[in-house]
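What follows is a set of notes on a single structure, which appears directly below.
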């Protein structure tokens, strides 16, 4: 059973606009959340993370929001650029990261020039 | 510094054959993770090692799968006998200390006919 879910397999956005990728989780023990980005024929690369003690973390054009009560997190990319086109994976871990990472199925983002 | 190295990058084999996937960790890293990526389930953790010791192999599908770390910098994932349903992309990742900051290799695309 998937403990981390990304219900949108794909998303298309115009260059310069905001991209919003969503992720839901079911395990209330998760306390650390990450986003990974994957280009074709490459492995996933770490993008941004957030601890459950925060509700927002920002890094340049990327912001992750966490809503613990809804067990929901989102990744905002503003402004979106064609180079952002990739598959984005949401991941979660429990017990301060001493445990495994659970990944979602990924969302393919296409930024249209 | 070289990243995580995986070989082969592509493997095509017939059902029933033995398949061995190889992974070289980033120098100095002490944790090693094997993942399998499929469309249906996304990235699934198969097994992870810490300091050469298998910590959690609950994700290994069945006895046909085995993983080893003969030394601190190298790991193998073996499938014997292989089946068509094993077709997927297999990633290994390594980390130092914190579980979150995993560095992924480029993956091995396995096709079993």
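We did not get these values from a lab; they are worked out from the coordinates using the rules stated. Because the structure is a prediction, the values reported are computed rather than measured. Ideal geometry is used to build each Cβ from the backbone, glycine not excepted, and the neighbour counts take in all protein chains shown.
Residues in region B:1-16 that are touching a strand residue (DSSP E or B) at 6+ places or on another chain (Cβ under 8 Å) and farther than 17 Å from residue A:43 by Cα: B:12, B:13, B:14, B:15.
Taking region A:75-96 as the range and being assigned to a strand (DSSP E or B) and surrounded by fewer than 17 Cβ atoms within 10 Å (Cβ to Cβ) as the test, only A:76 passes. For region A:11-41, the candidate set comprises residues that are within 12 Å of chain B (Cβ to nearest Cβ) and loosely packed, with under 15 Cβ neighbours inside 10 Å; within that set, the residue that is nearest to residue A:80 (Cα to Cα) is A:39. Report yes if some residue within region A:55-78 is in contact (Cβ under 8 Å) with a residue 40 or more places away in the chain and within 28 Å of residue B:25 (Cα to Cα); otherwise report no. Among the residues of region A:55-78, not one is in contact (Cβ under 8 Å) with a residue 40 or more places away in the chain and within 28 Å of residue B:25 (Cα to Cα), which makes the answer no.
Among the residues of region B:21-58, those identified as under 15 Å from residue B:111 (Cβ atoms) and surrounded by 15 or more Cβ atoms within 10 Å (Cβ to Cβ) are B:21, B:36, B:37. In this structure, residue A:77 does satisfy being away from chain B (no Cβ under 12 Å) and touching a helix residue (DSSP H, G or I) at 6+ places or on another chain (Cβ under 8 Å). Filtering region B:41-55 to residues that are within 11 Å of another protein chain (Cβ to nearest Cβ) and in contact with a strand residue (DSSP E or B) (Cβ under 6 Å, 6 or more places away or on another chain) leaves B:42, B:43, B:44, B:45, B:46, B:47, B:48, B:50, B:55. Evaluate region B:31-40: report whether one residue or more is within 11 Å of another protein chain (Cβ to nearest Cβ) and without any contact (Cβ under 8 Å) to a residue 24 or more places away in the chain. Within region B:31-40, one or more residues are within 11 Å of another protein chain (Cβ to nearest Cβ) and without any contact (Cβ under 8 Å) to a residue 24 or more places away in the chain. In region A:1-61, counting only strands (runs of 3 or more DSSP E) that sit wholly within it, the ones holding 2 or more residues that are touching a helix residue (DSSP H, G or I) at 6+ places or on another chain (Cβ under 9 Å) and farther than 22 Å from residue B:107 by Cα span A:30-38. All of A:54, A:71, A:37 fail the test of being in contact with a strand residue (DSSP E or B) (Cβ under 9 Å, 6 or more places away or on another chain) and closer than 16 Å to residue A:109 by Cα, apart from A:37.
Report, by residue number, each residue of region A:59-72 that is surrounded by 12 or more Cβ atoms within 10 Å (Cβ to Cβ) and either closer than 23 Å to residue A:84 by Cβ or over 14 Å from the mean Cα position of the chain (by Cα) (or both). Once the filter is applied, which keeps residues that are surrounded by 12 or more Cβ atoms within 10 Å (Cβ to Cβ) and either closer than 23 Å to residue A:84 by Cβ or over 14 Å from the mean Cα position of the chain (by Cα) (or both), region A:59-72 yields A:61, A:62, A:63, A:64, A:65, A:66, A:68, A:72. Which of the residues belonging to region B:62-96 are without any contact (Cβ under 8 Å) to a residue 60 or more places away in the chain and either over 17 Å from residue B:17 (Cα atoms) or within 14 Å of another protein chain (Cβ to nearest Cβ) (or both)? If the condition is that a residue be without any contact (Cβ under 8 Å) to a residue 60 or more places away in the chain and either over 17 Å from residue B:17 (Cα atoms) or within 14 Å of another protein chain (Cβ to nearest Cβ) (or both), then B:68, B:69, B:70, B:71, B:72, B:73, B:74, B:75, B:88, B:89 are the ones that fit.
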